[in-house]
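A quick write-up on the structure given underneath.
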Amino acid sequence: EAGVTQSPTHLIKTRGQQATLRCSPISGHTSVYWYQQALGLGLQFLLWYDEGEERNRGNFPPRFSGRQFPNYSSELNVNALELEDSALYLCASSLEGTDSDTQYFGPGTRLTVL
Amino acid sequence: AQSVTQLDSQVPVFEEAPVELRCNYSSSVSVYLFWYVQYPNQGLQLLLKYLSGSTLVKGINGFEAEFNKSQTSFHLRKPSVHISDTAEYFCAVTSNTGKLIFGQGTTLQVKP
């Protein structure tokens, strides 16, 4: 069974540009989560989508946004990139979105903002 | 609000020695607890999880953890480590909002 996949693996942008990151969940999973892992800041929750709806978002500015498609894949968009947006962005998926549900992580997209 | 504290940022240990990675959590409600491992340049892999029942939880790669409600701890242990266990380990707790709250991570350095 295929795990969570993310694309691209690496992404290099300049300040002010927009970045789009993509995630495909494990087959059968309806919930997708996005996390940011920045140096010195640890793993921080960004967004949670379930059944196409945004269920929760972390303490990030509105220029971080996303969506979930009917096939449950998801996109994370970061507008007006800033240098501090450089980080590893991890996507996870879970079966139902309950608290006891295990979140399975993808390999991440490394975003570098120059 | 929930929070997680991993008490050691780095743990050096020799190969075949036992290891304990410490994790304390804070929560006013029932929690579910997880340990994940991250190898260099990779995503997170689930090691084990505590949902309910037996407080001793066994995971993959010979790891186990014990849930202690009175001490609000969920320490990770392995009786004999290998070089391949060198990685960063994260303790996490779920909130009631679907998100995982992670500790700052512990780097396990296994030396030959």
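Taking label positions 7 Å along the Cα-Cβ direction at both B:Thr55 and A:Ser86, the computed distance is 4.6 nm, reported to one decimal. Across peptide B:42-49, the average count of Cβ atoms from other chains found within 10 Å of a residue's Cβ is 5.
If both residues of a DSSP beta bridge must be in the protein assembly as shown, then about 90% of such bridges are antiparallel. Other residues whose C-beta falls under 14 angstrom from the C-beta of B:Asp85 contribute a net charge of -2, scoring Lys and Arg +1 and Asp and Glu -1. So which residue, out of A:Gly58, A:Gly97, A:Gly66, gets the largest mean-square fluctuation from a GNM of chain A using Cα contacts under 10 Å as springs? Maximum among the listed residues: A:Gly58.
Counting only protein heavy atoms and a probe of 1.4 Å, the accessible surface of the range B:3-111 is 48% carbon and sulfur. When +1 charges are put on Lys and Arg Cβ atoms and -1 charges on Asp and Glu Cβ atoms, the dipole computed for the protein assembly as shown relative to its Cα centre reaches about 300 debye.
Using a 1.4 angstrom probe on protein heavy atoms only, the contact between B and A buries about 1600 square angstrom of accessible area, both sides summed. Extension gain, A:Leu11 to A:Asn56: 0.36 nm times the residue separation minus the Cα-Cα distance gives 13.6 nm.
Given Cα pairs under 8 Å that are at least 6 residues apart, what percent is the relative contact order of the range B:3-111? Write out the running numbers ahead of the final one.
Values: 265 pairs, mean separation 40.7, N = 109.
Computed value for the range B:3-111: 37 percent relative contact order.
Once both labels are positioned 7 Å from their Cα atoms along Cα-to-Cβ, the gap between B:Ser30 and A:Ser27 label points is 3.4 nm. The mean number of Cβ atoms from other chains found within 10 Å of a Cβ in peptide A:84-95 is 1, as a whole number. Charge tally around B:Gly43: other residues with Cβ under 12 Å, Lys/Arg +1 each, Asp/Glu -1 each, net 0.
Using a cut-off of under 13 Å, list every residue of the range A:26-63 whose amide N is near the label point 7 Å from the Cα of A:Asn79 along the Cα-to-beta-carbon line. Within reach of a label on A:Asn79: A:61-63.
For the range A:1-80, the list of chymotrypsin sites (Phe, Trp or Tyr not before Pro) that fall in a loop by DSSP and count at most 12 other C-beta atoms within 10 angstrom is empty.
Quick check for you: with a 1.4 Å probe and neighbouring chains kept, what is the accessible area per residue of chain A, in Å²?
47
Taking 4 °C and 1.567 mPa s as conditions, chain A diffuses translationally at an estimated 93 µm²/s according to Stokes-Einstein applied to its Kirkwood radius (Cα pairs). Annotation: lysines with alpha-carbon distance below 30 angstrom to B:Lys49 (same-chain offsets under eight excluded): B:Lys58, B:Lys69, B:Lys78, B:Lys99, B:Lys111. Volume per residue of the convex hull around the Cα atoms, evaluated for chain B, comes out as 95 Å³. Solvent-accessible surface of protein heavy atoms, probed at 1.4 angstrom with all chains present, puts A:Ser31, B:Ser52 in the order B:Ser52, A:Ser31, largest first. Put simply, the convex hull of the Cα atoms in the protein assembly as shown casts, on average, a shadow of 12.4 nm².
Counting Cβ atoms of other protein chains within 10 Å of each Cβ in A:44-55 and taking the mean gives 2.
Quick one: net charge of A:Asn71's neighbours, Cβ under 13 Å, K/R +1, D/E -1? Within the 13 Å Cβ shell, the charges total 0. Amide H contacts of B:Tyr32: B:Thr94, each under 5 Å away and 5 or more positions distant or on a separate chain (H built 1.01 Å from N in the peptide plane; Pro and chain starts excluded).
The values are calculated or read from the model by the stated rules, or taken from the named source; none is laboratory data. As the structure is a prediction and not an experimental result, all values here were calculated from the model. When we count neighbours, we look across all protein chains shown, and the Cβ atoms used for this are built from the backbone with ideal geometry, even at glycine. To get the accessible areas, we keep the full protein, side chains included, count just its heavy atoms, and leave off ligands, DNA and RNA. Shrake-Rupley method; radii C 1.70, N 1.55, O 1.52, S 1.80 Å.
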